[in-house]
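Reviewing the structure listed below.
Just so it is clear, none of the values below were taken in a lab; they were calculated from the coordinates. Since the model is a prediction, treat every value here as computed from it, not as a measurement. As a convention, Cβ positions derive from the backbone with ideal geometry for all residues, glycine included, and neighbour counts pool all protein chains shown.
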Amino acid sequence: MADALRVALAGLGTVGGGVIRVLEANRDLITRRAGRPIEVVAVSARDRHKDRGIDLSGFEWVDDTTALARCDADVVVELVGGADGPALALARATLAANKGFVTANKAMLAHHGLELAQAAERVSVPLKFEAAVAGGIPVIKGLREGAAANAISRVYGILNGTCNFILSKMEAEGRDFADVLVEAQARGFAEADPSFDIDGVDAAHKLSILSSIAFGTQPAFGSVAASGIRHVIAADIAEAAALGYRVRLVGIAEANGRGLFQRVHAHLVPNDHPLAHVTGSTNAVVAEGNFVGRLLFQGAGAGDGPTASAVVADLIDIARGEYGPPYAMPAASLADMPAAAEGERRGRAYLRFTVADRVGVLAEIAAAMRDANVSIESLIQRAAAADGTALVAIVTHEAPEANVAVALERLRGSQSLAGEPLWMHILD
């Protein structure tokens, strides 16, 4: 049998500990599948003395995370996190030392993925990141290898478990966003500062990685239009249900002659669409290929077990010598595609207004829609609340998004509106 693949591990949090547990629990199976043993030989973390429930005595401890690149190891696994700082320094040092690099760090890849791919290809070493998108779901491998013969027209899905947990809870129990967010934090589904999750940034990181692999484009996180779910209220969930939809935070990307379109936004998803039935912290990704048709990848999108499983799967590939260009084609072949204009897209929209309960408000909203050439499919007004405001929900016919934006701009500053309108796209 070949010599062991020697691994240095940076980060001993939930996922780092999970990697060690997976390697120990499935040692014999992994050795047989990899064709050689996989052994952790060195580790690094912020607190050397913290009790993590795993035995670290057999590993070399390295205080300086970046120094792991100089250890007697074949591959470095980075589970520190962060777009820059120690994680990026370690990535650069590892690849400069002609060693393989495995990471679950979607933020770093979204911001520096092209640079790291170029560095890895220059010295012919692996750069692997299955765990960076959708936890234990093998969506990167599926797109990069399984669907490699296809031209992918669209990739989209539920990419953030925190948001999906919150929306599912709101849907099932009729509770408002702020209330469910507190529960999500208490149960460990949301961070103390949940902004990256609930404002769509985490999903945007992941979407930029998927876009690059699916379309053969340079990672373009900067062109992802991202918004989250913090302005979704229980009434929106109820209105969506009455109309035959469920609310989900969906990241969607398309590439065509007009450029690369990438957006993370709350959507109304039809009840008969697979994404409507993805609940809790589950992730799901849909890819549409010209020969394979629609592919659905679904499963646990986070957690120590699923994410560690994806990390170890990358290590098994490296042990076998099975790896290619990080983004499915050489970095030099990745297209520098311009961002597509959102306004040119056509679709149906859900618009929710909180308005003063008085005569003429509906006429004012309808006039703004008419003047912007947006046709109204349905309009619902709910009974006035104790504070004298009422909820008005509109579903439009298909129209250019630019027209909807013009209609909302016409209403900006209106004394009839008691707050900012909410715009959610309807997934076709």
Cα long-axis angle, helix 161-173 against the chain (0 to 90 degrees, to the nearest 10): 40 degrees
Built amide H within the under 5 Å cut-off of Asn98, gap 5+: none
Residue-by-residue Karplus 3J(HN,Hα) for the range 376-384, coefficients 6.51, -1.76, 1.60, Hz, glycine and proline x: 8, 7, 8, 9, 10, 10, 8, 4, 5
Residue (of Ile252, Phe215, Gly113) at the positive-pole extreme of the chain, dipole from beta-carbon charges: Phe215
Bins of 10 Å, starting at 0 and running to the largest distance - Cα pair percent for the range 229-333: 11, 29, 35, 19, 6, 0
Relative contact order (%) - the range 149-300, alpha-carbon pairs under 8 angstrom, separation at least six: 35 percent
Residue-wise HN-Hα coupling along the range 200-211, computed from phi with Karplus coefficients 6.51, -1.76, 1.60 (Hz; x: Gly, Pro): x, 5, 4, 5, 5, 4, 5, 5, 5, 5, 4, 4
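Considering only DSSP states other than H, G, I, E and B, which GluC sites (Glu not before Pro) in the range 366-428 qualify as loop sites with at most 13 other Cβ atoms within 10 Å?
Working: sites: Glu377, Glu398, Glu401, Glu409; in loops: Glu398.
Qualifying residues, ordered by number: Glu398.
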Helix 177-186 axis, angle to the chain major axis (alpha carbon atoms, nearest 10°): 20 degrees
Degrees, to the nearest 10: 361-371 long Cα axis against longest axis of the chain: 70 degrees
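Could you list the chymotrypsin sites (Phe, Trp or Tyr not before Pro) in the range 23-101 that lie in coil according to DSSP, counting only those with at most 15 other Cβ atoms within 10 Å of their Cβ?
Values: sites: Phe59, Trp61, Phe101; in loops: Phe59.
For chymotrypsin sites (Phe, Trp or Tyr not before Pro) across the range 23-101 that sit outside H, G, I, E and B with at most 15 neighbouring Cβ atoms in 10 Å, the list is empty.
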The chain: relative contact order as a whole-number percent, Cα under 8 Å and 6+ apart: 16 percent
Packing-based order for 312-323, 411-422, 241-252, 44-55, using average beta carbon neighbours within 10 Å, highest first: 241-252, 312-323, 411-422, 44-55
Neighbourhood charge, 13 Å Cβ-Cβ cut-off, centred on Val43 and excluding it, Lys, Arg +1 and Asp, Glu -1: -2
For the range 345-426, the fraction of alpha-carbon pairs in successive 5 Å shells from zero, as %: 3, 16, 29, 27, 15, 7, 2, 0
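Which whole-number percent of Cα pairs in the chain have a distance greater than 32 Å?
Numbers: 37778 of 91378 pairs.
Counting every Cα pair in the chain, those more than 32 Å apart make up 41 percent.
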